[in-house]
Each structure stands twice: as C-alpha cells, then as structure tokens.
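Structure record follows, encoded as structure tokens.
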Amino acid sequence: MAANFYEGMFLVDSAKFATDSDGVTGQILGVLEKAGATIVAHRPWQDGRLAYAIEKQRKGLHYLVLFQLDPAVLTELVRACKLNETIIRQL
C-alpha cells in the first residue's frame with residue numbers, strides 16, 4: 001500500500017520543551033519513526049496559554065511534523081501517542 005502524507009500537530013508541555021527541547025523532539029519523532037513514518041519536516045509552532053487545562057497543564061507548545069506513513073498503521077500511531085507521557089494531545 002502506498003504511503004500518504006500527513007501533517008501532525010503534537011501538544012507538549014512547554015516547560016519540558018524549554019528545559020530539554022532535543023529530548024522532547026526526539027520523543028515525538030521517535031514515536032513516528034517506530035510506527036514506520038518517514039519524517040519530511042518538523043518544527044515547533046506555537047507556545048502559549050491553553051484555553052482550558054489539559055491533564056493539569058495550562059501552557060503548551062504545539063509541534064508540527066510533516067511525515068509520510070502507510071494509512072493502515074495510522075491507528076497504531078494514534079495509540080502510541082496516547083501512551084506517550086510527553087505528548088499531551090495529537091491531531
């Protein structure tokens with residue numbers, strides 16, 4: 001099956017990203033690569049106050065990743081993101 005392009009947005013704790021940006025980035029990309037994704041581009045996008053608390057977090061950083069992935073593996077990737085302690089939410 002052919003791989004599709006996806007744009008993922010990952011919400012992470014901005015305090016964790018400020019203290020260990022390489023580690024947080026590595027965890028996000030590691031989850032994607034473990035699922036078999038090919039990373040095309042990635043970058044932090046927006047850091048700021050959240051409209052409401054998510055898992056007791058009031059601030060968060062949105063991290064954008066453009067990647068290529070087999071669509072059959074997408075549900076596994078979503079599950080892996082939910083199990084990751086660094087990723088608060090994903091879209």
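Structure summary
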quantity: Alpha carbon convex hull of the chain, volume per residue in cubic angstrom; calculated: 85 Å³
quantity: Cleavage-rule hits (trypsin sites (Lys or Arg not before Pro)) in segment 1-80: DSSP loop, at most 11 neighbouring Cβ within 10 angstrom; calculated: K56
quantity: Rounded to 10°, Cα long-axis angle of helix 21-34 versus longest principal axis of the chain; calculated: 30 degrees
quantity: Helix axis angle, 74-83 relative to the chain longest principal axis, alpha carbon, degrees; calculated: 30 degrees
quantity: Potential lengthening between K34 and M9 on full extension [0.36 nm per residue; Cα-Cα distance subtracted]; calculated: 7.3 nm
quantity: Accessible area of segment 23-90 belonging to carbon and sulfur atoms, whole % at 1.4 Å probe; calculated: 51 percent
quantity: The chain, helix-only ellipticity at 222 nm - DSSP H runs n ≥ 4, -39,500 (n - 2.57), divided by all residues, nearest 500; calculated: -9500 deg cm²/dmol
quantity: Distance (nanometres) between label positions extended 7 Å along Cα→Cβ at R89 and E55; calculated: 1.2 nm
quantity: Length-normalised contact order for the chain - Cα pairs under 8 Å, 6+ apart - percent; calculated: 45 percent
quantity: Filtered GluC sites (Glu not before Pro), segment 28-86: DSSP coil and at most 12 other beta carbons within 10 Å; calculated: E55, E85
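The values are calculated or read from the model by the stated rules, or taken from the named source; none is laboratory data. Treat the numbers as computed from the prediction; the structure is a model and nothing was measured. A quick note on method: Cβ atoms are made from the backbone with ideal geometry, for glycine too, and the neighbour counts reach across all protein chains shown. Each accessible area value is taken on the protein alone, full model and side chains, heavy atoms only, with ligands, DNA and RNA left out. Shrake-Rupley method; radii C 1.70, N 1.55, O 1.52, S 1.80 Å.
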